[in-house]
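Each remark here refers to the structure printed beneath this line.
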Amino acid sequence: MSASSAVCVDACLVMRLVVGGAGEQAVHALWREWTEEQTRVLAPSLLAFECVNALRQLERARVLTSAASEKALDDILALGMELVYDPVLLHRALVLSRELALPSAYDAQYLALSEWMDVSLFTADGRLVQKVGKRFPRLCMVGGE
């Protein structure tokens, strides 16, 4: 699969797309480009759970109402992303999280999928880019913190 036909995204980028925040214009522009070019947008199945959790946390912080959170979830589900689950990714994520000294294996799931599918990983998480960007040259920062 060529890098131009597919990309991998993480929950931080998807939340920025749907809920907003620093760099949201760049994220929207990139998503429009992918849509126009019919780019396959991939993510590990973990993305859905991370987004639901992030929405709930925004509700608890009174940043989003429950109605706004429900709409944001509907918007996420309507994005048409391909959520990927494969035990191979779980094993690789465990190894990567250990090798990169990540505090959890969540970010490693996205890195593992990007590596496995040989596609770029797009994120709005500056801390992730700072921590592992040199090791993963296909990790791309969009907008972000």
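The values are calculated or read from the model by the stated rules, or taken from the named source; none is laboratory data. What you are looking at is a predicted structure, and each value in this text was computed from that prediction instead of being measured. Counting neighbours? That spans all protein chains shown, and the Cβs are built from the backbone with ideal geometry, glycine included.
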For the range 55-82, what are the residues that are surrounded by 14 or more Cβ atoms within 10 Å (Cβ to Cβ) and either in a strand (DSSP E or B) or of a type in the set (A, V, I, L, M, F, W, C) (or both)?
Leu55, Leu58, Leu64, Ala68, Ala72, Leu73, Ile76, Leu79, Met81
Has the range 11-21 got at least one residue that is exposed (fewer than 14 other Cβ atoms within 10 Å of the Cβ) and either touching a strand residue (DSSP E or B) at 6+ places or on another chain (Cβ under 8 Å) or closer than 26 Å to Tyr85 by Cα (or both)?
no
If you go through the range 78-101 one residue at a time, how many are within 17 Å of Asp10 (Cβ to Cβ) and among the aliphatic types (A, V, I, L, M)?
9
Going by the conditions given, is Ala108 without any contact (Cβ under 8 Å) to a residue 24 or more places away in the chain and under 15 Å from Ala11 (Cβ atoms)?
yes
Answer yes if at least one residue in the range 34-57 is of a type in the set (Gly, Ala, Ser), farther than 19 Å from Phe136 by Cα and without any contact (Cβ under 8 Å) to a residue 24 or more places away in the chain, and no otherwise.
no
Name the residue, out of Leu96, Leu111, Leu90, that is touching a Leu at 6+ places or on another chain (Cβ under 8 Å) and more than 23 Å from Ala22 (Cβ to Cβ).
Leu96
Condition set in a loop (DSSP other than H, G, I, E, B) and at pLDDT 90 or above, scope the range 116-133, selection surrounded by the most Cβ atoms within 10 Å (Cβ to Cβ): answer is Ala124
Would you pick out the residues in the range 9-50 that are closer than 20 Å to Asp74 by Cα, not β-branched (Val, Ile, Thr) and not in a helix (DSSP H, G or I)?
Asp10, Gly20, Gly21, Arg40, Leu42, Ala43, Pro44, Ser45
Would you mind telling me which numbered condition in (1) at pLDDT below 95; (2) in a helix (DSSP H, G or I); (3) of a type in the set (A, V, I, L, M) Ala101 fails?
(2)
